[in-house]
Amino acid sequence: MYLNYEVLPANRGRHFDVEERLVSGFMLARQLPGFVEAQVGKYLGSSTLYIAVRRWQDKASFEGWGKSAERQQYAAARPAGLYSSEPKHWFLDEALDTRGEGQGNFVVSTEFTLSDPARWDEFLALRRDHDRVCVDFGGIVALRHYRDTADPAKVRFLTRCRSRLAYERLTAGTEIAAWRGRVPEGMFTIGDSQFFEVVREVSA
């Protein structure tokens, strides 16, 4: 899978307009081959910051969208004054997709930086073990790891849980603490985590 991850700072009073515009783009993209799903996430620390997460079967499918008449239509219809600054995009390859069970709209977005990208296979094995521990604990909807196409040392980790409480119970549990004890020192650093609520969602 291929991911387009976008951060969008809405102007005050325009947040619903941003949500509607993003969903209109998702519906256009849905008509093209290779579209998988997309979500709008609203940052829980601000009423005006959003993420848009768009999953495609592969890079070629995403590039097909970029060249399509539907994409040109979407770009031409952008209203003025939606954003306080230009949205930022990242493009990533999916490395791990671990499913839990149930439904939930609480999402945590975290960036890892590998100290040595050559240790990728070791890192991935460690993260598979991490995902197993989390799913066994419960409360997980999905765990997804994406590697940045522009910087192989960067990994975007998206945790989707049934609720914020489920996430807090997981991170405070003895099971995940034991897993942390197995992480080799200095393998990677963890950036700040941001909490979002999925407010709109479209699937193929």
Which listed residue, of L32, L28, L8, L22, is part of a loop (DSSP other than H, G, I, E, B) and either modelled with pLDDT of 95 or more or crowded, with 22+ Cβ neighbours inside 10 Å (or both):
L32
Return the residues of region 132-145 that are under 21 Å from G181 (Cβ atoms) and buried (at least 20 other Cβ atoms within 10 Å of the Cβ); say none if nothing qualifies.
C134, I140, L143, H145
For region 145-200, what are the residues that are acidic (D, E), under 20 Å from L92 (Cα atoms) and more than 13 Å from the chain's Cα centre (by Cα)?
D151, D192
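Quick one: which of R132, R127 is in contact with a His (Cβ under 7 Å, 6 or more places away or on another chain), outside the structural domain of F26 (by TED's automatic domain parsing) and among the charged types (D, E, K, R)?
Result of the check over R132, R127: R127.
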Would you check if G104 is closer than 30 Å to I140 by Cα, in contact with a Leu (Cβ under 8 Å, 6 or more places away or on another chain) and in the same structural domain as R127 (by TED's automatic domain parsing)?
no
With the checklist (1) touching a Phe, Trp or Tyr at 6+ places or on another chain (Cβ under 7 Å); (2) farther than 24 Å from V199 by Cα; (3) surrounded by 14 or more Cβ atoms within 10 Å (Cβ to Cβ) in hand, flag the one item D129 doesn't pass.
(3)
Among R147, R156, which is modelled with pLDDT of 95 or more and either outside the structural domain of G104 (by TED's automatic domain parsing) or in contact with a His (Cβ under 9 Å, 6 or more places away or on another chain) (or both)?
R156
Please determine whether any residue of region 109-124 is touching a Pro at 6+ places or on another chain (Cβ under 6 Å) and in contact (Cβ under 8 Å) with a residue 24 or more places away in the chain.
yes
Restricting attention to region 106-141, which residues are part of a helix (DSSP H, G or I) and of a type in the set (A, V, I, L, M, F, W, C)?
A118, W120, F123, L124, A125, L126, V133, C134, V135, F137
Which one of Y74, Y43 is in the same structural domain as V18 (by TED's automatic domain parsing) and either touching a Pro at 6+ places or on another chain (Cβ under 8 Å) or closer than 20 Å to F195 by Cα (or both)?
Y43
Restricting attention to region 74-81, does a residue exist that is surrounded by 18 or more Cβ atoms within 10 Å (Cβ to Cβ) and not in a strand (DSSP E or B)?
yes
Report, by residue number, each residue of region 167-198 that is in a helix (DSSP H, G or I) and closer than 25 Å to T48 by Cα.
Y167, E168
Looking at L96, is it crowded, with 18+ Cβ neighbours inside 10 Å, within 30 Å of E63 (Cα to Cα), at pLDDT 95 or above and in contact with a strand residue (DSSP E or B) (Cβ under 9 Å, 6 or more places away or on another chain)?
no
Please determine whether any residue of region 37-44 is assigned to a helix (DSSP H, G or I), over 18 Å from A150 (Cα atoms) and touching a strand residue (DSSP E or B) at 6+ places or on another chain (Cβ under 6 Å).
no
Residue pairs qualifying under the 7 Å Cβ cut-off, at least six apart or on distinct chains, with the first in region 21-50 being under 18 Å from E70 (Cβ atoms) and the second being modelled with pLDDT under 95 and of a type in the set (S, T, N, Q), are L28/Q73
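The values are calculated or read from the model by the stated rules, or taken from the named source; none is laboratory data. As the structure is a computational prediction, the values presented were derived from the model and not from experiment. Virtual Cβ from ideal backbone geometry, glycine too; neighbours counted across all protein chains shown.
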